[in-house]
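In what follows, a structure is listed as structure tokens, so that the remarks can point back to it.
The values are calculated or read from the model by the stated rules, or taken from the named source; none is laboratory data. These numbers were taken from a predicted model, which means no experiment stands behind them. Backbone-built Cβ (ideal geometry, glycine too); neighbour counts: all protein chains shown. Each accessible area value is taken on the protein alone, full model and side chains, heavy atoms only, with ligands, DNA and RNA left out. Shrake-Rupley method; radii C 1.70, N 1.55, O 1.52, S 1.80 Å.
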Amino acid sequence: MQWLVTLYAVLTILAVGFAALLTLQTWEHRRFARSRSKHPNRRPPRGRIALFVPCKGADVDLESNLRPLFEQDHGNYELIFAVESLNDAACHTIHRLIAQYPGHHAKLIDAGISTVSGQKVHNLLVATEHLSSAVDILAFVDADVRPPRDWLRMLTQRLDGYGAATGYRWFVPKRATLANCMLSSMDSAVVPIMFPGLHHKVWGGSWAIRRDVFDTGRLRDAWRGTLSDDLVAASVLARTRQRVALEPSCILPSPLDVDLSGMLTFVRRQFTIGRCYTPVLWGSVLVMNCLSQAVFWSSLAAMVWGSCTAAEWTWAPASVVGLLYALHIVRAWLRQQASRHYLPNRQEELTAARQFDIWLGPLAGLACCLGLVGSAFGRRISWKGITYEMRWGGKIRRISFAPQRVSPEEVEGLSYQRVA
């Protein structure tokens, strides 16, 4: 029995130490975000930008998400939307917006259905195939985020001295449901780990790269046959020793509305992709997350059992639970405070998610642990109606899909550019 007590003590020390380090990083994240918001970059924009927007399906509030892309305060950029086919549900919205902004240089590219790469990667490969020599910077944004008017300028101005610049997302639940609040809590916990930090990671929904780095790093070649655009880009940036600038003001709100099944599917998919592309990082996260969850929930169970049996040792697990829970509350409060600097206009919408994150965040941690464990098995994932089977190293072995169809009446009137 003594060995079990010793093991518990060692694991507890590791879990508390890990939680303390995360708390310090979260405090530094809030300081960094506050500093960046107080000293924004006000230099005029420069350089021609090609802004790529891969789209698939009618995401939540798609038109509201895409409209700000036409209204950026950077005056020298072109918009390139890329879809898999004219049948895609996003085409109607894109076509309507292009018509509403006739003076803006924007086009819609029909990339065709991919049989080798992930559909998003394929869309980007086709869209970047014939880049104008006038383009100095390539920027990328997902269709499920909603950038402010200064997003493109703030993002690309950070490229001075850096090969790439990145933001991230912050889920904004459409409804205050358990699934929405849990996923928002899980994803918000990632933000302080990325900002600030010394790494080459970028997030594919809000990032930019210099044209010379894109070309010399042969990113298009690296993308072929892969599923993840951003993890592959991060690998190229690391290989070419290009630093990544992190810009908190480019953390973008992303509307969220999922059920519990969709939430668990999303978490497992994200971690499965991570396991295929960054197995060492994935393994480290798996070990530390499972360790933290095991210590917290086993201590909680021991505390309840000890209280029911009036055991003298009840104070020990109770102290562990109290300490870990207190550190969680501090971390959640700090990151929610930081969100006020980059999402000042979304705080009312985030009220329920914020309260859940602060007081019930351990439930999200448990769900995250389940997703991590689930991602350890199998290499098949489904993403927007397409199923991918992955090889080790991130290459795609097989793709199966069921193309969506629309009626001729829905197709009529759409204008688009077909790229061979």
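Values for this structure:
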quantity: Failed criterion for Thr387 (all others in (1) open to solvent by 60 Å² or more (accessible area, probe 1.4 Å); (2) modelled with pLDDT under 95; (3) of a type in the set (S, T, N, Q) hold); calculated: (1)
quantity: Of all residues making up the stretch 311-356, the number that are closer than 17 Å to Glu28 by Cβ and part of a loop (DSSP other than H, G, I, E, B); calculated: 0
quantity: Tally of residues being under 14 Å from Lys56 (Cα atoms) and in contact with a Lys or Arg (Cβ under 9 Å, 6 or more places away or on another chain) across the stretch 81-106; calculated: 9
quantity: For Trp3: the one exception among (1) open to solvent by 70 Å² or more (accessible area, probe 1.4 Å); (2) over 18 Å from Trp333 (Cα atoms); (3) touching a residue at least 40 places away in the same chain (Cβ under 8 Å); calculated: (3)
quantity: Every pair of residues 6+ apart whose Cβ atoms lie under 7 Å, when the first sits in the stretch 289-306 and is without any contact (Cβ under 8 Å) to a residue 40 or more places away in the chain while the second is buried (at least 20 other Cβ atoms within 10 Å of the Cβ); calculated: Leu300/Val321; Ala302/Pro317; Met303/Pro317; Met303/Val321; Gly306/Pro317
quantity: Residues (at pLDDT 90 or above and under 10 Å from Arg153 (Cβ atoms)) located in the stretch 38-73; calculated: Ile49, Gln72, Asp73
quantity: Residue match in the stretch 154-163 (condition: part of a loop (DSSP other than H, G, I, E, B) and more than 16 Å from Gln242 (Cα to Cα)); calculated: no
quantity: Subset of the stretch 100-144 [within 17 Å of Ser228 (Cα to Cα) and of a type in the set (Ser, Thr, Tyr)]; calculated: Ser114, Thr115, Ser117, Thr128
quantity: In the stretch 289-317, the residues that are among the aliphatic types (A, V, I, L, M), open to solvent by 30 Å² or more (accessible area, probe 1.4 Å) and closer than 12 Å to Ala15 by Cα; calculated: Ala294
quantity: Among the residues listed as Arg340, Arg354, the single one being without any contact (Cβ under 8 Å) to a residue 60 or more places away in the chain and either of a type in the set (Gly, Ala, Ser) or open to solvent by 60 Å² or more (accessible area, probe 1.4 Å) (or both); calculated: Arg340
quantity: Qualifying residue in the stretch 168-187 (condition: open to solvent by less than 30 Å² (accessible area, probe 1.4 Å), farther than 20 Å from Asp257 by Cβ and at pLDDT 95 or above); calculated: no
quantity: Test: residue in the stretch 349-364 that is among the acidic types (Asp, Glu) and under 30 Å from Lys38 (Cβ atoms); calculated: yes
quantity: Condition met for Leu198 (surrounded by fewer than 19 Cβ atoms within 10 Å (Cβ to Cβ), of a type in the set (A, V, I, L, M, F, W, C) and assigned to a loop (DSSP other than H, G, I, E, B)); calculated: yes
quantity: Failed criterion for Ile137 (all others in (1) closer than 19 Å to Ala58 by Cα; (2) at pLDDT 95 or above hold); calculated: (1)
quantity: The lone exception for Gly393 - which of (1) part of a helix (DSSP H, G or I); (2) more than 18 Å from Thr265 (Cα to Cα) it fails; calculated: (1)
